[in-house]
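Following: one structure in C-alpha cells, then a few remarks.
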Amino acid sequence: MNGKKVLNQLIKLFIVINIVLFIVNYAYKGNQYVLSGKRIQNITSLLEQKGISIETELLRNFAPKYSAQLMFLGNSVEVRGEIVKQFFGKQLASVKRSTEISPKNANETIFYYMLGDETLGFDHYEISYTNLANKGVDERPTSEEAKRLCEAFITRIGPISQDQAYQIEEEIYDHYWKLTYYPMIEGIPVLDSYMTFEVYKMGVAKATLKLADIEITSERKQDICALDLVLFGIEDEILAQGGSVIRAISMCYKSDEEENVLGQQIVPTYKIEIEGLEEPIFVNAYSNEIMTFYFPT
C-alpha cells in the first residue's frame, strides 16, 4: 500500500512540475518579444543625453511579422471596365468618355468617365474622382455622417474595394472631413494602398484611390527589430534633419520599391514622426535601415 501511495504522489508531483514548466515556458514566449521597462528607460535616457525627447508612448511589442506583396489594380482594362460599370450602374449608357496624356508619365494615358457633375479618372494605378457640386454647403458633416458617405461611395466602386478591413485616418477642416482608408495586415495599415476622401455635407467632393490585392509572400513570420534598437540607429538622422522631439511612433507596411506590373514588395516598417519635419522617418523593421523612396518624375 505504501508503495502505491508513493507512486501516486510521484505521479502527481510529475504532473505539477510539467504544469509549472508549461506556464514558465508560455510566459517566456509571451514576453520574449516585449520591450522591457529597463530597455525603454535606457533608450529614453540615451536620447535625452543627445537632446532628443520622446513625447509619445513607445511600441513595446516586436513580435515577428509577415512580408507581403501588392498587386495594383487601377491600370487593368478589365478592372477599369468593371469599376466604371459598377459605379455608374444603369446610367452607364449616358457616360461620356475622354482621354489625355498623363502629366506624370508621357507614356501613360488618363481615361476619364463623366456623368453630370461626376468625373472618374484612371491614371496608371491611381483612380481619381471629383464632384465639385458637393462643395455647395458650408456646414461640415459629423464624423459619423462623413464615414457613412464614404461607405456609400465605396459600395459604388464595387466588391474590389469592400473585401478588406480598413484603418481610418481622420483630418478635420472648416467645411469638410478628409478621411483616408488603409487596408490592413493583421491590424497593421498598408500605406501604399489607400482611399482618400474629401467629404462635405452633400457628399464626397474629391477622392483618390490606389487599390491593390494584398498577398502574403513569406511562409512564416520573420523577426523584426525592437524599437529601442531602431531609435538608437536613427538618432543622428533625427538631429541631422533638425529634429529634437519624437511626436508619434507607429507600425505600418510600406515599400521602397518602384511600382511595377509584377507587384510591389512591402515590409513591416516603423513610422516615426518628428516635430518640425514635413515627412516621417520610415525604418525597415526587418533590416533596421532607413527607407528611401522612389518618386516618379
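The values are calculated or read from the model by the stated rules, or taken from the named source; none is laboratory data. These figures come from a predicted structure and were not determined experimentally. Reconstructed Cβ throughout: ideal geometry from the backbone, glycine too, with neighbour counts over all protein chains shown. Just so you know, the surface numbers come from the protein's heavy atoms only, side chains and all, with ligands and any DNA or RNA stripped out. Shrake-Rupley method; radii C 1.70, N 1.55, O 1.52, S 1.80 Å.
Here are some residues: D236, D223. Which one is touching a residue at least 12 places away in the same chain (Cβ under 8 Å) and either of a type in the set (V, I, T) or open to solvent by 20 Å² or more (accessible area, probe 1.4 Å) (or both)? Break it down stepwise before answering.
Details: D236 fails: touching a residue at least 12 places away in the same chain (Cβ under 8 Å).
The match here is D223.
Tell me which residues, restricted to segment 46-86, are open to solvent by less than 50 Å² (accessible area, probe 1.4 Å) and part of a strand (DSSP E or B).
Those that are open to solvent by less than 50 Å² (accessible area, probe 1.4 Å) and part of a strand (DSSP E or B): S53, I54, K65, A68, Q69, L70, F72.
Within segment 190-197, is even one residue acidic (D, E) and at pLDDT 90 or above?
Start the filter on segment 190-197 by keeping residues that are acidic (D, E), which leaves 192.
Checking which are at pLDDT 90 or above leaves us with 192.
Taking every residue of segment 190-197 in turn, at least one turns out to be acidic (D, E) and at pLDDT 90 or above.
Hey, could you check segment 112-144 for residues that are surrounded by 14 or more Cβ atoms within 10 Å (Cβ to Cβ) and of a type in the set (V, I, T) and say which is farthest from V79 (Cα to Cα)?
Restricting to residues being surrounded by 14 or more Cβ atoms within 10 Å (Cβ to Cβ) and of a type in the set (V, I, T), the top hit is T130.
In segment 87-111, which residues are at pLDDT 90 or above, open to solvent by less than 90 Å² (accessible area, probe 1.4 Å) and more than 21 Å from K206 (Cα to Cα)?
S94
Kindly evaluate T180 against the criterion of being within 25 Å of Q41 (Cα to Cα), part of a strand (DSSP E or B), among the β-branched types (V, I, T) and at pLDDT 95 or above. Don't jump to the end; show me each part of the working.
Details: within 25 Å of Q41 (Cα to Cα): no; part of a strand (DSSP E or B): yes; among the β-branched types (V, I, T): yes; at pLDDT 95 or above: yes.
So T180 does not fit the description; no.
Answer yes or no as to whether Y253 is within 30 Å of E139 (Cα to Cα) and assigned to a strand (DSSP E or B).
Numbers: within 30 Å of E139 (Cα to Cα): no; assigned to a strand (DSSP E or B): yes.
So Y253 fails the test.
Taking segment 145-159, which residues are among the β-branched types (V, I, T) and open to solvent by 60 Å² or more (accessible area, probe 1.4 Å)? Step through it out loud before you land on a result.
Of segment 145-159, the ones among the β-branched types (V, I, T) are 154-155, 157.
Across segment 145-159, the qualifying residue is only T155.
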